[in-house]
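Engineer: Starting off with a structure, shown below.
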Number of protein chains: 2
Amino acid sequence: MSKRLASTQDYSALVDAFDTWLFDCDGVIWHGDRLIDGAIDVLNLLRQKQKHIIFVTNNATKSRRSYKSKFDKLGVQADVNEIFGSAYAAAVYVSSVMKLPKDKKVYVIGEAGLEEELHDEGITTLGGTDPADNVAGPFSLSKYEHDPSVAAVVCGLDTSITYTKYCKAYQHLTRNPGCAFVVTNEDGTYPAGDGILPGGGAVSSPLRYALKRDPIAIGKPNKTMLDTIQAKHHFDPKRTIMVGDRLDTDILFGQLGGVSTLLVLTGVTLEGDITGPDASPVIPDYVTPSIGDLRQAA
Amino acid sequence: MSKRLASTQDYSALVDAFDTWLFDCDGVIWHGDRLIDGAIDVLNLLRQKQKHIIFVTNNATKSRRSYKSKFDKLGVQADVNEIFGSAYAAAVYVSSVMKLPKDKKVYVIGEAGLEEELHDEGITTLGGTDPADNVAGPFSLSKYEHDPSVAAVVCGLDTSITYTKYCKAYQHLTRNPGCAFVVTNEDGTYPAGDGILPGGGAVSSPLRYALKRDPIAIGKPNKTMLDTIQAKHHFDPKRTIMVGDRLDTDILFGQLGGVSTLLVLTGVTLEGDITGPDASPVIPDYVTPSIGDLRQAA
């Protein structure tokens, strides 16, 4: 059963118990373009107490650099090295875990942020924002020049998805022996501020479906993302807590990674999702209505 | 176990046993733009013997009228009423089974052939070939005007797929109570003449994935397609045979519809797929190397 945080003592004990704080952003720190009340105070409080802060997002359309501008715009202090997006984690996975040889390439279904992270890791890409692949319309195999040096397809949310991109990715994945199929995240949808839109997992699903093959998935809740963070920050799981608003991504991510978890109710998870007969089997260690409540630990 | 047809007597007995002949086209009658040897002779032979011929295709990008031009081009006699495509069957399903009220609309992910069949059934459509929805690029909910009169989303192969189409379809399916989710077919891939490309099932998979909901599927192997044919032609299942090259669509389709089945080996299924320890559990009633073999029944 989750511990419900309520008193000043509860919040002070929580802050004392953990050195590394992993934060989901949307639904925790902000809601679209609106800050959650008290979020900045709590982040400042944690920094004053010498806590290690890391922001963990499945957003794959932005590089860490472009994602930081969102923090700047909302007045939230953050260093690029504290931000872990699934685009960055996917790039690190391809370069450091897969150890992609320098003469091999990656075909990208995704946006400029994903390309930027791959390029920063020294990876040569095809597809992505290439204008030739970004035109809606039919694909002709007879005019297609196949590149056997593509050793991975990396797919994230791509709002300029085209049939050409799916066809080229499919050719690489079926014709190049051992070609890896990597997706930045498996989110079916994402909150778009004024509604819900299909997410990165939906965009990659035609390849899963056509190939009858599951991809290597990077983002939350997959452990790959936490392994990437661990490789850079060397945190102690026993003294680390993941704060999020989604049971099936954030909280499960913390659990799969062996760290503690705190659910806030300012995002997609409501009180009814964690109580009663239909409650999720994913049970956070701690629950509090809002991140702003931690101001009481001051 | 399947009966292997080999002698003149086998072929004559087969032709005598069935009055209605359902044919898959690609891999059976033709291969891309090349006729299967003897296919025209066999179709003519069946017509001489007063057999009822029906062509059953999952191709959803063409209307029956436009699909007939393929027959004309290859010199294969066919009447529009003998052709059943999954676009036509989907349109009949929406108009006759769902009984879509006249003041309701269908949002289309698909090509001109699917729109044409829907319009022929008196259905008003949105999306599809509308230029506004056929531009690759981001989708803005704040500029989107939602239409609550959309009562079904019909999705088939669409080589001009865009993120805008997925977003609009998703809004209809989540915001309009009871909005039906219909797919013309569930094929992961299709043979494109000079290779394999993602098919109609792949194109609709982002909606399945985002919605966590299975659609009403029309094309082979689903029984809906055969019900549509039955409604127009009133065949006797005991005297009907389905001829095809795919076990998981054509042969399964015949079996689910309670008609006999004949597998030809001129398409995707090879001898090794029906013999040995890894053979498919879908077992056709009859097997012959090619449709052309039936010339022996003359």
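The values are calculated or read from the model by the stated rules, or taken from the named source; none is laboratory data. Keep in mind the model is a prediction, meaning the values are calculated, not measured. We place every Cβ from the backbone using ideal geometry, glycine too, and count neighbours over all the protein chains shown. Accessible surface is based on the protein model in full, side chains and every heavy atom, while ligands, DNA and RNA are left aside. Shrake-Rupley method; radii C 1.70, N 1.55, O 1.52, S 1.80 Å.
Engineer: Test of understanding: among B:G193, B:G201, which residue is under 24 Å from A:Y166 (Cβ atoms), in contact with a His (Cβ under 9 Å, 6 or more places away or on another chain) and at the interface with chain A (Cβ under 9 Å from one of its Cβ atoms)?
Structural biologist: Values: B:G201 fails: in contact with a His (Cβ under 9 Å, 6 or more places away or on another chain).
None of the others qualify; the one that does is B:G193.
Engineer: Could you run through region B:131-190 and say how many residues are under 30 Å from B:T57 (Cβ atoms), within 8 Å of chain A (Cβ to nearest Cβ), open to solvent by 10 Å² or more (accessible area, probe 1.4 Å) and assigned to a helix (DSSP H, G or I)?
Structural biologist: 1
Engineer: Still on this structure, please answer the following. Can you tell me how many residues within region A:43-86 are assigned to a helix (DSSP H, G or I), free of Cβ contacts under 8 Å to residues at least 12 places away in the same chain and under 22 Å from A:F235 (Cα atoms)?
Structural biologist: Summing the residues that are assigned to a helix (DSSP H, G or I), free of Cβ contacts under 8 Å to residues at least 12 places away in the same chain and under 22 Å from A:F235 (Cα atoms) in region A:43-86 gives 1.
Engineer: When you check A:T125 against the structure, is it under 15 Å from A:G110 (Cα atoms), in contact with an Asp or Glu (Cβ under 7 Å, 6 or more places away or on another chain), free of Cβ contacts under 8 Å to residues at least 60 places away in the same chain and within 12 Å of chain B (Cβ to nearest Cβ), yes or no?
Structural biologist: Values: under 15 Å from A:G110 (Cα atoms): yes; in contact with an Asp or Glu (Cβ under 7 Å, 6 or more places away or on another chain): yes; free of Cβ contacts under 8 Å to residues at least 60 places away in the same chain: yes; within 12 Å of chain B (Cβ to nearest Cβ): no.
It is false that A:T125 is under 15 Å from A:G110 (Cα atoms), in contact with an Asp or Glu (Cβ under 7 Å, 6 or more places away or on another chain), free of Cβ contacts under 8 Å to residues at least 60 places away in the same chain and within 12 Å of chain B (Cβ to nearest Cβ).
Engineer: Another one. Of B:R208, B:R213, which residue is open to solvent by 30 Å² or more (accessible area, probe 1.4 Å), at the interface with another protein chain (Cβ under 10 Å from one of its Cβ atoms) and over 27 Å from A:K143 (Cα atoms)?
Structural biologist: B:R208
Engineer: OK, next. Quick one: which strands (runs of 3 or more DSSP E) sit completely within region B:214-298 and have at least 2 residues that are of a type in the set (D, E, K, R) and at pLDDT 95 or above? Show your work before the answer.
Structural biologist: On the way: elements: B:240-244, B:260-264, B:286-288.
In region B:214-298, no matching strands (runs of 3 or more DSSP E) lie anywhere.
Engineer: Still on this structure, please answer the following. Across region B:69-110, which residue is most open to solvent (accessible area, probe 1.4 Å) among those that are under 25 Å from B:T189 (Cβ atoms) and of a type in the set (K, R)?
Structural biologist: B:K73
Engineer: Working only within region B:267-298, note down all residues that are surrounded by fewer than 16 Cβ atoms within 10 Å (Cβ to Cβ) and either aliphatic (A, V, I, L, M) or within 17 Å of B:L35 (Cα to Cα) (or both).
Structural biologist: B:L270, B:A279, B:I283, B:P289, B:A298
Engineer: Can I ask one more? Tally the residues that are in contact with an Asp or Glu (Cβ under 8 Å, 6 or more places away or on another chain) and open to solvent by 20 Å² or more (accessible area, probe 1.4 Å), restricting the search to region B:236-266.
Structural biologist: Of the residues in that region, 6 qualify.
Engineer: Quick check on region A:159-170. Is at least one of its residues on the phi > 0 side of the Ramachandran plot and at pLDDT 95 or above? Walk me through how you get there before you give the answer.
Structural biologist: Taking region A:159-170 first, the residues on the phi > 0 side of the Ramachandran plot are none.
No, region A:159-170 contains no residue that is on the phi > 0 side of the Ramachandran plot and at pLDDT 95 or above.
Engineer: Go through B:L45, B:L5, B:L35, B:L14 for me and flag whichever is modelled with pLDDT of 95 or more and surrounded by fewer than 16 Cβ atoms within 10 Å (Cβ to Cβ). It would help to see each step written out before you state the result.
Structural biologist: On the way: B:L45 fails: surrounded by fewer than 16 Cβ atoms within 10 Å (Cβ to Cβ); B:L5 fails: surrounded by fewer than 16 Cβ atoms within 10 Å (Cβ to Cβ); B:L14 fails: surrounded by fewer than 16 Cβ atoms within 10 Å (Cβ to Cβ).
Residue meeting the stated conditions: B:L35.
Yes/no per residue for (1) touching a residue at least 60 places away in the same chain (Cβ under 8 Å); (2) of a type in the set (F, W, Y); (3) over 23 Å from A:A13 (Cβ atoms):
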residue: A:N222; (1), (2), (3): no, no, yes
residue: A:K232; (1), (2), (3): yes, no, yes
residue: A:R239; (1), (2), (3): yes, no, no
residue: A:D245; (1), (2), (3): yes, no, no
residue: A:D250; (1), (2), (3): yes, no, no
residue: A:L256; (1), (2), (3): no, no, yes
residue: A:V259; (1), (2), (3): yes, no, no
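Engineer: Kindly establish whether B:D227 is more than 15 Å from the chain's Cα centre (by Cα) and open to solvent by 20 Å² or more (accessible area, probe 1.4 Å). Can you show your working first?
Structural biologist: On the way: more than 15 Å from the chain's Cα centre (by Cα): no; open to solvent by 20 Å² or more (accessible area, probe 1.4 Å): yes.
In short, no.
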